[in-house]
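Encoded as structure tokens, the structure appears first; notes follow it.
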Amino acid sequence: MLVVSNLDLTIDSSVVKPSTFLGSTIKEATLNINNEYRYLKTGYYVSLHAEVLGNKVIPSCENIIDSSRTPVLLLRAARAGIPTLPFLVTDSVKKIATEMGFPAVLFAVNPFIYEGFKTAHNKSALYRAMKSLGMNYKFAVCAQPLKGEMVTFKSFFGKCESQDIASQNISRKLYEAFNIPVCKLHIQKTPDEAFLCGLEPINKQELTDQDLKTISKEVMLFSEQGDTLVVQNRLFC
């Protein structure tokens, strides 16, 4: 198994840098470890190059693209049994105000815009949020009702830093569905439930030494299994 990473992993086996892999024709099952998988970013190109070579790769380009588009993420997550909330994809302030009401949490839909999320408790705040996330109202947003507290945490191979069991289950199930090794999750928590709201890449500056050790440990677990791995009940070989 080939490990391609732009992170400083602390593992014994060799790790190939993305720039080296992208200039190669290595035909081997590929584990792509990157802090940023979004469309047209280095992590995306690593998976694309692996697929062009005919390599099985984690994560796949399909999962990278789907996970970076919040409405698609939520639809697939719901089908996988992950708790989500109803959402609207629209560029209309009126539609959100009348059909969903306040408070609301908003995410950008355009994959080239990512500022996390914004909350709106009234029309004025909604206008500001949509102007920011929609590039001056040029693009739609994904709006969800705000019923609890928004929390954000890191997720590595489906394991998260949250002590909340419901959030841990969301992290695990989301990894099983999308196989994104390194990311941040936005989850809405109520006293009784937790709901997936969005997924975001992690800035390198946000990764601590302990985070890198945790990621490295998970990579080693993959390496110890050899070139045939079971992911999502499918063989990865």
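Which one of A77, A104, A97 is more than 14 Å from C197 (Cα to Cα) and touching a residue at least 24 places away in the same chain (Cβ under 8 Å)?
A97
In the range 33-54, how many residues are surrounded by fewer than 23 Cβ atoms within 10 Å (Cβ to Cβ) and part of a helix (DSSP H, G or I)?
So the answer is 7.
For the range 55-93, enumerate the residues that are part of a helix (DSSP H, G or I), more than 14 Å from N32 (Cβ to Cβ) and hydroxyl-bearing (S, T, Y).
Correct list: S68, T70.
Out of the residues in the range 185-217 that are among the hydroxyl-bearing types (S, T, Y) and in contact (Cβ under 8 Å) with a residue 24 or more places away in the chain, which is farthest from K41 (Cα to Cα)? It would help to see each step written out before you state the result.
Start the filter on the range 185-217 by keeping residues that are among the hydroxyl-bearing types (S, T, Y), which leaves 190, 208, 214, 216.
From what's left, in contact (Cβ under 8 Å) with a residue 24 or more places away in the chain: 190, 214, 216.
On the way: T190: 34, T214: 23, S216: 22 Å.
Ranking the candidates gives T190 first.
Please enumerate the residues belonging to the range 16-32 that are part of a loop (DSSP other than H, G, I, E, B), in contact (Cβ under 8 Å) with a residue 24 or more places away in the chain and not basic (K, R).
Kept after step one, since they are part of a loop (DSSP other than H, G, I, E, B), are these residues of the range 16-32: 17, 23-29.
Pick out the ones that are also in contact (Cβ under 8 Å) with a residue 24 or more places away in the chain and you get 25-29.
Correct list: T25, I26, E28, A29.
Out of the range 37-62, which residues are touching a strand residue (DSSP E or B) at 6+ places or on another chain (Cβ under 8 Å) and under 19 Å from I202 (Cβ atoms)?
So the first thing to find is which residues in the range 37-62 are touching a strand residue (DSSP E or B) at 6+ places or on another chain (Cβ under 8 Å), and the list is 37, 43, 46-47, 50-51, 55-59.
Y37, G43, V46, S47, I58, P59 - these are the residues of the range 37-62 that are touching a strand residue (DSSP E or B) at 6+ places or on another chain (Cβ under 8 Å) and under 19 Å from I202 (Cβ atoms).
With the requirement that a residue be polar (S, T, N, Q), surrounded by 15 or more Cβ atoms within 10 Å (Cβ to Cβ) and in contact with a Phe, Trp or Tyr (Cβ under 9 Å, 6 or more places away or on another chain), what does the range 184-229 give you?
Quick first cut of the range 184-229, residues polar (S, T, N, Q) only: 188, 190, 203, 205, 208, 210, 214, 216, 223, 225, 228.
Now restrict to residues that are surrounded by 15 or more Cβ atoms within 10 Å (Cβ to Cβ): 188, 214, 216, 223.
Across the range 184-229, the qualifying residues are Q188, T214.
Quick one: in the range 160-183, which of the residues that are at pLDDT below 95 and surrounded by fewer than 18 Cβ atoms within 10 Å (Cβ to Cβ) is nearest to G116 (Cα to Cα)?
Going through the qualifying residues, I end up with E161.
The values are calculated or read from the model by the stated rules, or taken from the named source; none is laboratory data. Here the structure is a predicted model, which is why all the values come from computation and not from measurement. Note that each Cβ is placed from the backbone with ideal geometry, even for glycine, and that neighbours are counted across all protein chains shown.
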